[in-house]
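**Student:** Handing you this structure, nothing more for now.
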Amino acid sequence: MKITKKDVEHVAMLARLYLDEEEKAKYTRQLNSILDYMEKLNQLDTEKVEPTSHVLPIKNVFRKDRVEESLANEEVLANAPDKENGYFKVPKIIED
Amino acid sequence: MDYEVIIGLEVHAELLTDSKIFCCCTTEFGGAPNTHCCPVCLGLPGVLPVTNEKVIELGVKAALALNCEISPYSKFDRKNYFYPDLPKAYQISQYDLPLARNGYLEIEVDGKTKKIGITRVHLEEDAGKLVHSETGSYSLVDYNRTGVPLIEIVTEPDLRSPAEAKIFLEKLKSILQYAEVSDCKMQEGSLRCDANVSIRPMGSKEFGTKTELKNMNSFKAVQKGLEYEVKRQKKLLERGKKIIQETRRWDENSNKTYTMRSKEEAHDYRYFPEPDLPPIVLEKGYIEEIRKTLPEMPYDRKKRYIEEYGLPEYDAGVITSSKALADFFEECVKEYVDAKTVSNWVMGELLGTLNAMDKEIDEIPLTPKHLADMLKLMDKGTISGKIAKKVFKEMMETGRTPDEIVEEKGLKQIADEGELSKIVDKVIADNPKSVEDYRAGKKKAIGYLVGQVMKETRGKANPQLVNKLLREKLES
Ligand SMILES: [Zn+2]
């Protein structure tokens, strides 16, 4: 097994997912089976194949540097669970 | 033991676009909180970011000004982390295929030119701004800055002292301003710097453990923060202790650095390619077109000032160190041909007062034409050099023309012989001791008498004329 329970716990922590023991075991198993499949793909000779960074055959999709109207403050905050004086209000952030 | 200091910098500069990097919201500084936002920069579900072409152009321009190789193929990636200043929970940045690499910047250290390597230049979006409540019980978030275009410039660990780091930053700022890619206003956050610093015994080839310094809000703070950190690391090593690789925050009030107790997992950004943004493919022709638009850089301008205006190398160096200052000088010389006189005023009165005010030339109302007009008034004898300094100060503060100031304050020089003659007579009558001294051969005594005439006229007397009149009257 390449992925251990510890790896799953680490990734879950980074994604702010709270898993119980059963889920941890399940995801460890599932992630390993995905990696096993990748291992199979690794057997292919990709020496001369450029790594894919984008799946669609398009490039350079740009827009002009033009300012358009933004949303009104009320609209920006429409989905905010909490707000104050035009700001989003969030739990205290500890900087240090 | 002697230690060698190793410093590398990461500099973020805001690009001078009108709209944000992936949406049409304005990049204007300030504005009421959360009024420069749209579904794209708020990261609402189902939106599609589209790259601002000006960001690519300015990024390439900056990279060329830093002597970088532009990547023919680059792409955007998502840098994942949770923090309330990031509405999407990822920042769009560039990871393994940045816009440009392998550049350098030359700086002057102790009269010698030193090349500082630029590892990479990449594009990314800025995050929002956090405001902490007065009671400290909650935080407030403003997303106006979110999505403002930035370039991140990463240097090689080529800097060898905190002072060198400051010199590098000053040069970098001047280059970015010359190239017109960023206004580099530190107080508005459009130029920010983090630093990596480590020390190693002199002669050692291996790098020591480095710490990362954040929250330095001025070039002076960068230097002070690094100086503190070098001292701290030396102390640890001398006591046989280990340096921990960590991020430390510079605190301006206590002049110390503090550990930022962020968990180490926070640095696991799990980058992956941004699927919403197609790659950037830049043709040689496009890059060369942008190269042609690069304006004259400080080094070339300095050379030209020496050749074209006959300025001493020192003057040319000081004036071209800031693009705004050089532009001011050049505009002024168009109106007033004696470049050395202009240079003296720019380097003396102007820079001196600006430093005292802690301001930049483009933050005061003085115009080049005002300085040129004032110098012409001096040449005409309308005002003396001493009065000119007063007028200049007033012009710097109010932006009014020298004519207005001279007229309103009655500063016109007294060059009328009859009028001055009366004042000179009075000064001679009032100061018998000095008159006696002068007549007894102490020629220096005339200086005091000139001073008295100037005092009587509140500095408005023509000094040459006062000298002439005094001599005539004393020697007759
Ligand atoms: Zn927007």
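**Student:** How high is the relative contact order of chain B, in percent, counting Cα pairs under 8 Å that sit 6 or more residues apart?
**Tutor:** Dividing the mean separation by the residue count of chain B yields 14 percent.
**Student:** How about segment B:169-269: which chymotrypsin sites (Phe, Trp or Tyr not before Pro) there are in a DSSP loop, with at most 15 other Cβ atoms within 10 Å of their Cβ?
**Tutor:** For chymotrypsin sites (Phe, Trp or Tyr not before Pro) across segment B:169-269 that sit outside H, G, I, E and B with at most 15 neighbouring Cβ atoms in 10 Å, the list reads B:207.
**Student:** May I have the count of lysine pairs in chain A with C-alpha atoms under 14 Å apart, counting pairs 8 or more residues apart or located on different chains?
**Tutor:** So the count of such lysine pairs works out to 5.
**Student:** Which of the chymotrypsin sites (Phe, Trp or Tyr not before Pro) found in segment A:1-86 are in a DSSP loop and have at most 14 neighbouring Cβ atoms, other than their own, within 10 Å?
**Tutor:** A:18
**Student:** What is the pair-distance distribution P(r) of the protein assembly as shown, computed from all Cα-Cα distances in 10 Å bins starting at 0, with each bin given as a whole percent?
**Tutor:** 3, 13, 19, 21, 18, 10, 7, 5, 2, 1, 1, 0
**Student:** Need one value for B:24-33: mean number of C-beta atoms belonging to other chains within 10 Å of its residues' C-beta atoms.
**Tutor:** 3
**Student:** Moving to a separate point now. Convert 20 °C to kelvin, take the viscosity as 1.002 mPa s, use the Kirkwood radius over C-alpha pairs of chain A as Rh, and evaluate the Stokes-Einstein diffusion coefficient in µm²/s, rounded to a whole number.
**Tutor:** 110
**Student:** Rg (Å, one decimal) plus Dmax (Å, integer) for the alpha carbons of segment B:3-288?
**Tutor:** 19.3, 58
**Student:** How large is ³J(HN,Hα), in whole Hz, for each residue of segment B:140-147 in order, when computed from phi with the Karplus curve 6.51 cos²θ - 1.76 cosθ + 1.60 and θ = phi - 60°, using x for Gly and Pro?
**Tutor:** 10, 10, 10, 9, 4, 7, 4, x
**Student:** Would you please name the trypsin sites (Lys or Arg not before Pro) within segment A:26-79 that are DSSP coil residues with at most 15 other C-beta atoms within 10 Å of their C-beta?
**Tutor:** The qualifying sites are A:48, A:59, A:64, A:66.
**Student:** Counting just the Cα atoms, what span does segment B:29-180 cover along each of its three principal axes? Round to the nearest Å and put the largest first.
**Tutor:** 51, 42, 26
**Student:** What are the ³J(HN,Hα) values, in whole Hz, obtained from phi via the Karplus relation 6.51 cos²θ - 1.76 cosθ + 1.60 with θ = phi - 60°, for each residue of segment A:64-75 in sequence order, with x given for Gly and Pro?
**Tutor:** 6, 7, 10, 8, 10, 4, 8, 6, 6, 3, 4, 5
**Student:** Moving to a separate point now. For segment B:367-396 and segment A:64-95, what is the separation of their C-alpha centers, rounded to whole Å?
**Tutor:** 50
**Student:** Enter the angle in degrees (range 0 to 90, nearest 10) between the Cα long axis of helix B:385-398 and the first principal axis of the Cα atoms of chain B, meaning the one along which they spread out most.
**Tutor:** Helix B:385-398 and the main axis of chain B meet at about 40 degrees.
**Student:** For each of A:34, B:243, B:387, count neighbouring Cβ atoms within 10 Å of the residue's Cβ, then give the residues from fewest to most.
**Tutor:** Fewest-to-most ranking of A:34, B:243, B:387: A:34, B:243, B:387.
**Student:** Still on this structure, please answer the following. Provide A:24, B:334 in ascending order of the number of other Cβ atoms located within 10 Å of each residue's Cβ, fewest first.
**Tutor:** B:334, A:24
**Student:** Would you mind working out the magnitude of the charge dipole of the protein assembly as shown relative to its Cα centre, with +1 at each Lys and Arg C-beta and -1 at each Asp and Glu C-beta, to the nearest 20 Debye?
**Tutor:** Its charge dipole is roughly 1900 debye.
**Student:** For segment B:170-202 and segment B:132-163, what is the centre-to-centre distance using only Cα atoms, to the nearest Å?
**Tutor:** Taking the Cα centre of segment B:132-163 as reference, the centre of segment B:170-202 is 12 Å away.
**Student:** Using a Förster distance of 45 Å, how high is the FRET efficiency between residue A:25 and residue A:61, based on the Cβ-Cβ distance and rounded to 0.05?
**Tutor:** 0.55
**Student:** For segment B:298-400, what size does the Cα cloud have along each of its three principal axes, sorted from largest down, in whole Å?
**Tutor:** For segment B:298-400, the Cα extents along the three principal axes come out at 36, 31, 18 Å.
**Student:** My understanding is that a pair violates if its Cα-Cα distance is over 24 Å; which of B:20/B:302; B:112/B:173; B:115/B:302; B:166/B:234 do that in this structure?
**Tutor:** Table pairs above 24 Å Cα-Cα are B:20/B:302.
**Student:** In segment B:120-224, what is the volume of the convex hull around the alpha carbon atoms, normalised per residue and reported in Å³?
**Tutor:** 146
**Student:** Compute the distance from the alpha-carbon center of segment B:203-230 to that of segment B:51-114, in whole Å.
**Tutor:** Comparing the Cα centres of segment B:203-230 and segment B:51-114, I get a distance of 22 Å.
**Student:** Could you compute the net charge surrounding residue B:285? Neighbours are other residues with a C-beta less than 14 Å from the C-beta of residue B:285; K and R count +1, D and E count -1.
**Tutor:** Net charge around residue B:285: -1.
Just so you know, all these numbers are worked out from the coordinates, no wet-lab data involved. What you see is a predicted model; the values in this text were computed from it and never measured. Positions of Cβ are backbone-derived with ideal geometry, glycine not excepted, and every protein chain shown enters the neighbour counts.
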